[in-house]
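The values are calculated or read from the model by the stated rules, or taken from the named source; none is laboratory data. In this text, all values refer to a predicted model and were calculated from it rather than measured experimentally. Counting neighbours? That spans all protein chains shown, and the Cβs are built from the backbone with ideal geometry, glycine included.
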Amino acid sequence: MGFSITRLIEERQADQFDLHRRYINPSMVRVLEIIGFAKQYVRGEGAYLWDAEGNRYLDLLSGYSVFNMGRNHPKIRQVMHEMLDLARPNLVKMDCPLLAGLLAEELVRRMPPGLDAVFFANSGADAVDTALKFARAATGRPRVLYLDHAFHGLTLGTLSVNGGEVFRKGFEPLLPGCDMVEMNDLEGLERELRKKDVAAFIVEPIQGKGVYIPDDDYLPEAQRLCRKYGTLFICDEVQTGMGRTGKFLACEHWGLEPDFVTIAKSLSGGYVPVSAVIMRREIHKAVFGPLDRAQVHSTTFGQNEMAMAAGLAALHVLDEERLVERSATVGGMLLERLAALKERHEMIGDVRGKGLMIGIEFRPPRPMRLRAAWTAVEAAQKGLFAQLVVMALMRDHRILVQVGGPGVNIIKLLPPLIIGEEEVEMIVSAFDDVMTEAERVRGRVWSLGGQLVKHAMSRQ
Ligand SMILES: Cc1ncc(COP(=O)(O)O)c(C=O)c1O
């Protein structure tokens with residue numbers, strides 16, 4: 001009998017966790033089991049996933065924002081089929097493939113003024129690494145500044161500009177010359193830039209870890225200071241791009257004109273790994289200008305035609321379905337409804353975000369018995385309360401969501417941009433229910449804490 005992937009999936013579906021335990025990452029299997037996330041998903045469509053028993057889950061993770069257009073979007077899927085049937089001459093390498101040119105043209109059309117040179121890579125980290133390398137080449141300077149809480153990927157280069165201890169620990173020493181500055185501290189930033197040895201300052205316009213939004217004047221002023229001292233300004237839009245925050249790029253909220261933009265994730269509608277760095281032509285020229293340098297930076301699968309075609313289809317869908325506008329309006333509605341819950345639930349300390357990138361931050365309760373429960377959970381591990389809420393949303397409401405980062409009591413929502421009023425209602429009523437339960441010490445939420453606390457304590 002010939003090979004059939006459908007048959008293979010059917011025959012082996014039940015082995016998925018065993019296979020991962022044996023060959024991939026047993027710790028991840030254990031984590032999923034502990035938090036009640038070890039599901040056998042068998043189908044995904046739009047904003048939903050289905051498990052082997054036919055249960056439906058609302059997906060507010062969107063594969064960390066690769067499914068802004070929803071899972072298995074029919075238009076992008078059709079383009080993928082079409083591409084396979086065309087049997088195109090992909091990855092000739094000594095070539096200038098048409099689809100890469102077309103996607104570059106579409107991206108440049110959507111960029112702030114001055115960004116008209118594109119480099120295609122495979123992942124967000126790959127794109128950020130590229131921007132860091134190019135900034136050094138274009139300025140001849142060694143240093144890079146980044147923000148506290150920053151997340152730009154986990155390769156050695158991008159880890160060197162990571163603003164959190166958890167990810168760095170165990171992997172040091174990292175790249176020399178990378179220094180952290182505090183968000184909203186313009187004086188501190190200028191103090192570093194004045195040394196005139198900084199190639200680049202890299203920011204996420206809205207930070208993914210914790211959904212931190214800078215003060216309104218911070219990014220425009222930071223950009224002005226970068227220009228003043230000859231430092232290139234990188235907006236990493238890997239997560240915030242592709243309409244996530246209610247604009248095509250989050251930097252548009254402040255009218256920024258960065259020297260580099262990086263995008264990835266939803267650029268291929270979730271089908272094929274892809275990323276892009278869009279930069280000023282003179283930066284690109286500084287790297288690739290001399291003919292003997294025309295291939296000095298490259299990656300084998302960059303410009304691959306499946307990714308380029310998926311990218312063209314994803315941008316088409318974003319426009320045709322007006323998903324950027326939808327992200328702004330539905331996101332505004334969701335933010336407002338969630339913020340209104342603060343009046344009813346004192347443990348909701350802050351609700352913030354733009355478009356459909358929303359963070360909910362919790363704070364300790366006042367009543368004594370509840371506070372004791374909070375303190376016990378937080379003593380075992382900081383940020384564990386948010387994890388309990390995540391677990392309760394999954395167990396009681398089949399809503400898939402994540403904590404906003406390690407060690408913080410923040411939950412992050414990244415739903416597909418296609419959600420509507422029905423999903424907004426589901427999310428708000430589920431949160432309302434879970435927070436009501438969290439106000440009862442003997443309620444369903446705290447009862448989830450036992451195993452988590454035991455596990456956290458065993459690691460201390
Ligand atoms: C802002 C930002 N930059 C870079 C990355 C790294 O992307 P990747 O995981 O595709 O390497 C991420 C991933 O979440 C991100 O959010």
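Can you tell me which residue among V434, V445 is outside any loop (DSSP other than H, G, I, E, B), modelled with pLDDT under 95 and in the same structural domain as Q381 (by TED's automatic domain parsing)? None of the other options fit; the residue is V445.
Of the helices (runs of 4 or more DSSP H) lying entirely inside the range 131-206, those containing at least 2 residues that are within 25 Å of the chain's Cα centre (by Cα) and within 15 Å of the ligand (Cβ to nearest atom) are 156-159, 165-168.
Can you tell me which residue is farthest from S266 (Cα to Cα) among those in the range 329-361 that are surrounded by 19 or more Cβ atoms within 10 Å (Cβ to Cβ) and over 22 Å from the mean Cα position of the chain (by Cα)? In this case the residue turns out to be M347. Could you tell me whether L225 is touching a Leu at 6+ places or on another chain (Cβ under 6 Å) and at pLDDT 95 or above? Criteria met by L225.
Residues that are assigned to a loop (DSSP other than H, G, I, E, B), without any contact (Cβ under 8 Å) to a residue 40 or more places away in the chain and touching a Lys or Arg at 6+ places or on another chain (Cβ under 8 Å) within the range 342-377 comprise E346, P364, listed in sequence order. Working only within the range 408-425, note down all residues that are within 23 Å of the chain's Cα centre (by Cα) and surrounded by fewer than 17 Cβ atoms within 10 Å (Cβ to Cβ). Residue satisfying the conditions is G420 alone.
Conditions (1) surrounded by 24 or more Cβ atoms within 10 Å (Cβ to Cβ); (2) touching a strand residue (DSSP E or B) at 6+ places or on another chain (Cβ under 8 Å); (3) more than 27 Å from I360 (Cβ to Cβ), marked per residue:
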position	(1), (2), (3)
Q207	yes, yes, no
D216	no, no, no
P220	no, no, yes
Q223	no, yes, yes
W254	no, no, no
P258	yes, yes, yes
I278	yes, yes, yes
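Entry remark, the range 289-319: residues being touching a residue at least 60 places away in the same chain (Cβ under 8 Å) and either in contact with a Phe, Trp or Tyr (Cβ under 7 Å, 6 or more places away or on another chain) or more than 30 Å from M94 (Cβ to Cβ) (or both) number 5 in total. Residues in the range 84-130 that are touching a residue at least 60 places away in the same chain (Cβ under 8 Å) and within 16 Å of the ligand (Cβ to nearest atom): F119, F120, A121, N122, S123, G124, D126, A127, V128, T130.
Look at F67 and say whether it is under 19 Å from I283 (Cα atoms) and within 16 Å of the ligand (Cβ to nearest atom). When the stated conditions are applied, F67 does not pass them.
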